[in-house]
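Okay, so here's the structure we're looking at.
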Amino acid sequence: MLQELALGAAIDLAVQWGMWGISALLKTEKFYDLTGSGTFVLLANLSLRWGNTKYLRQKIQTGLVTVWGLRLGGFLFLRILKEGQDKRFNHVRESPGTFFVYWTVQGIWIFVTLLPTLILNLEKHDRPLGLRDYLGWTIWAVGFVTQAIADQQKWNFRADPDNTGKFIHSGLWAYSRHPNYLGEILQWTGLFLSASSVMSGFKYLSIISPLFVWFLLSYVSGIPILERQALKKWGGDPAYEQYLKKTPVLWPFPSS
């Protein structure tokens, strides 16, 4: 298993670094998210093939990762084609060294996040499907629907000329300021839960997957950046200030 995991990590970084070279040459971030999602799909399916067992649990898990990757990757690629750029990469795309760090971090994110699925697909022993599997897949489904709906609601909101310069606070965005990220966290939590059905010993350390996703989105590359941008744009707007007070950052529960 360790050999296959090392090979997966090598392929992961090779893809990211190869696309970094192309993207740095073109000075574009248009392929960043698409490459990330595509690498998830690639590694999930490669590990299923390497494991050479293809138990039902493994095939379902790989299918869910594939569905997630195709939907999110396609959505993000269409979005950046429409908008032309991603503000996260302002002052980054012109610096090959900094751009390289971004691509490398994406590679680390992919491998760590996918770790439970990789371990599951390389596991030779199987167990009958049970409560942990069904609960995990249910959590994944809730997360998938939440993320997909939130993404579409924001897409529709931005497409309406009457909303130019406004912030979205309707639909799922009325209950969480970042429902799309909530959906992301739920999906990887559910996949870990199902994969853990056949884990033992050190393999349980792959719980780092949903924890890493939560930490990265909550404190590094997701919410902090968007919150700063929003505050810079709408800070001082009474409606936005009220939105901040009544709407939780992530989890749709009252803060007090």
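Just a few scattered comments:
- Scanning segment 22-32 for residues that are assigned to a helix (DSSP H, G or I) and open to solvent by 30 Å² or more (accessible area, probe 1.4 Å) returns I22, L25, L26.
- The single residue among D133, D126, D162 that is within 22 Å of K82 (Cβ to Cβ) and of a type in the set (D, E) turns out to be D162.
- Search result, residues across segment 130-166 that are over 25 Å from Q242 (Cβ atoms) and assigned to a loop (DSSP other than H, G, I, E, B): G130
- Within segment 77-122, the set of residues being open to solvent by less than 20 Å² (accessible area, probe 1.4 Å) and of a type in the set (K, R) is empty.
- Against the test of being touching a Gly at 6+ places or on another chain (Cβ under 6 Å) and closer than 28 Å to S176 by Cα, the options G143, G84, G74, G69 yield a single qualifying residue, G143.
- A search for C-beta distances below 7 Å between a residue of segment 20-37 that is within 12 Å of L81 (Cα to Cα) and any residue that is open to solvent by 20 Å² or more (accessible area, probe 1.4 Å) and among the basic types (K, R), counting only pairs 6+ apart in sequence or on different chains, returns T28/R93; E29/R93.
- Among the conditions (1) within 21 Å of V112 (Cβ to Cβ); (2) buried (at least 18 other Cβ atoms within 10 Å of the Cβ), the only one that A10 does not satisfy is (2).
- If you go through segment 40-54 and keep only what is out of contact with any Lys or Arg (no Cβ under 9 Å at 6 or more places or on another chain) and surrounded by 15 or more Cβ atoms within 10 Å (Cβ to Cβ), you end up with F40, V41, L42, L43, A44, N45, L46, S47, W50.
- Number of the exception - D12 against (1) modelled with pLDDT under 95; (2) part of a helix (DSSP H, G or I): (1)
Okay, residues lined up against (1) more than 25 Å from R71 (Cβ to Cβ); (2) assigned to a helix (DSSP H, G or I); (3) free of Cβ contacts under 8 Å to residues at least 24 places away in the same chain:
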{"residue": "I168", "(1), (2), (3)": "no, no, yes"}
{"residue": "L172", "(1), (2), (3)": "no, yes, no"}
{"residue": "S206", "(1), (2), (3)": "no, yes, no"}
{"residue": "Y240", "(1), (2), (3)": "yes, yes, no"}
{"residue": "F253", "(1), (2), (3)": "yes, no, yes"}
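- Listed conditions (1) open to solvent by 30 Å² or more (accessible area, probe 1.4 Å); (2) under 20 Å from S221 (Cβ atoms) are all met by L135, apart from (2).
- Q147 being out of contact with any Phe, Trp or Tyr (no Cβ under 6 Å at 6 or more places or on another chain), among the polar types (S, T, N, Q), open to solvent by 20 Å² or more (accessible area, probe 1.4 Å) and modelled with pLDDT of 95 or more: no
- Among the numbered conditions (1) open to solvent by less than 50 Å² (accessible area, probe 1.4 Å); (2) closer than 22 Å to G235 by Cα, the only one that H169 does not meet is (1).
- A single member of T66, T98 is at pLDDT below 95, over 16 Å from F31 (Cβ atoms) and β-branched (V, I, T), and it is T98.
- Cross-chain or 6+ apart pairs with Cβ under 8 Å, segment 87-98 first and in a loop (DSSP other than H, G, I, E, B), then exposed (fewer than 14 other Cβ atoms within 10 Å of the Cβ) and of a type in the set (A, V, I, L, M): none
The values are calculated or read from the model by the stated rules, or taken from the named source; none is laboratory data. No experiment lies behind these values; they were computed from the predicted model shown. Glycine also receives a Cβ, built like all others from the backbone with ideal geometry; neighbour counts cover every protein chain displayed. For accessibility, only protein heavy atoms count, side chains too; no ligands or nucleic acids. Shrake-Rupley method; radii C 1.70, N 1.55, O 1.52, S 1.80 Å.
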